[in-house]
1. Go through (1) touching a residue at least 40 places away in the same chain (Cβ under 8 Å); (2) open to solvent by 40 Å² or more (accessible area, probe 1.4 Å); (3) out of contact with any Ser or Thr (no Cβ under 9 Å at 6 or more places or on another chain); (4) under 23 Å from A118 (Cα atoms) one by one and return the number of the condition W229 breaks.
2. Residues that are acidic (D, E): list the strands (runs of 3 or more DSSP E) wholly contained in region 145-250 that include at least 1 such residues.
3. Can G134 be described as open to solvent by less than 70 Å² (accessible area, probe 1.4 Å) and without any contact (Cβ under 8 Å) to a residue 24 or more places away in the chain?
4. Scan region 195-209 for residues that are surrounded by fewer than 15 Cβ atoms within 10 Å (Cβ to Cβ) and among the hydroxyl-bearing types (S, T, Y) and jot them down.
5. Please go through (1) surrounded by 11 or more Cβ atoms within 10 Å (Cβ to Cβ); (2) of a type outside the set (A, V, I, L, M); (3) without any contact (Cβ under 8 Å) to a residue 40 or more places away in the chain; (4) part of a helix (DSSP H, G or I) for Q115 and return the number of the only condition it doesn't satisfy.
6. Could you count how many residues in region 213-222 are out of contact with any Lys or Arg (no Cβ under 6 Å at 6 or more places or on another chain) and surrounded by 14 or more Cβ atoms within 10 Å (Cβ to Cβ)?
Amino acid sequence: MKWLFLLLVLANAAVMGWQGFAASEQQPPRESVYAPPVSERVYLVDERRPVDSVPQNNVPAASDQVQEQLAAAIANAELQAQSGTSQVVASTESQSEDALLCPIVALERDADRRQVMATLEQAGLAFTQNETTGRREKYWLYIPAPATSKAADDIVLRLKTLKIDSYVIARGEMKNRISLGLYSSEPRAQQAQATIAERSRMDVQIYTHERTVNLYELMLSEPIRESQWQAVMEQLDFSKLLIKVEKNPC
């Protein structure tokens, strides 16, 4: 039994020694190093990358050149825009001056009608005429009513000696007022007001109202350019005419 026990101990020792020797010759497994899923090469810290060998002073130069080209393109675009705007404004003004008109000339007096007709015929413009009525502003000159009718008559006699036409209104809300005439033009009424007030040393006033009057209308048979119509109208003295011109676009 002793020899059997000794043989088992020796066998166990031999097995353990063989296992230790076999383990010493096996290489330990190496774990894989994690790398990002990219196709470029991964460089270590102490390795030199190819991009580092490129001179860095070329990059700012290329950027400056691009900025200069961009600034030049923007400046050129602004100049073209300003030029285009100027051409559009000039074209619009030219078209406005040459716009077609179908004007109507309305006159209150027959003498004025004949004068305007002669001007249109001299310019070679065909026209038609029509008689109608319309509301027009009138300017009535008067002296305020005195206290009595006798005082009003005395004022009329005094104005007559100054060769100023006048008469007394005998009834209505304006009774005893002294009428000095009716004017169709405000500038003429104001001029007469100043003259009579200076000569008579009295308070002369203007009453503005509308009246229905007979009118003569002259209408061109064909449209006319605005510049041509302006040239025709410059031949008339509007300060001496009872006239109203409607420049109607065609």
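The values are calculated or read from the model by the stated rules, or taken from the named source; none is laboratory data. Because the structure is predicted, anything quoted here is derived from the model rather than measured. Glycine also receives a Cβ, built like all others from the backbone with ideal geometry; neighbour counts cover every protein chain displayed. Please note that ligands, DNA and RNA were not included when accessible areas were found on the heavy atoms of the full protein model with its side chains. Shrake-Rupley method; radii C 1.70, N 1.55, O 1.52, S 1.80 Å.
1. For W229, the exception is condition (2).
2. Details: elements: 178-183, 205-220, 243-246.
Passing ranges, in order: 205-220, 243-246.
3. no
4. Residues satisfying the conditions are T195, Y207, T208.
5. (3)
6. So the first thing to find is which residues in region 213-222 are out of contact with any Lys or Arg (no Cβ under 6 Å at 6 or more places or on another chain), and the list is 214-215, 217-222.
So of that shortlist, the ones also surrounded by 14 or more Cβ atoms within 10 Å (Cβ to Cβ) come out as 215, 217-220.
So the count comes out to 5.
For every residue, the table says whether it meets (1) farther than 30 Å from R158 by Cβ; (2) touching a helix residue (DSSP H, G or I) at 6+ places or on another chain (Cβ under 7 Å).
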position	(1), (2)
Q193	no, no
E198	no, no
M202	no, no
I206	no, yes
N214	yes, no
L218	yes, yes
E222	yes, no
V232	yes, yes
L241	yes, yes
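A quick yes/no check of all residues on (1) under 28 Å from L120 (Cα atoms); (2) exposed (fewer than 14 other Cβ atoms within 10 Å of the Cβ):
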residue: T148; (1), (2): no, yes
residue: D154; (1), (2): no, yes
residue: R177; (1), (2): no, no
residue: Y183; (1), (2): yes, no
residue: Q193; (1), (2): no, no
residue: R211; (1), (2): no, yes
residue: I224; (1), (2): yes, no
residue: L236; (1), (2): yes, no
residue: K240; (1), (2): yes, yes
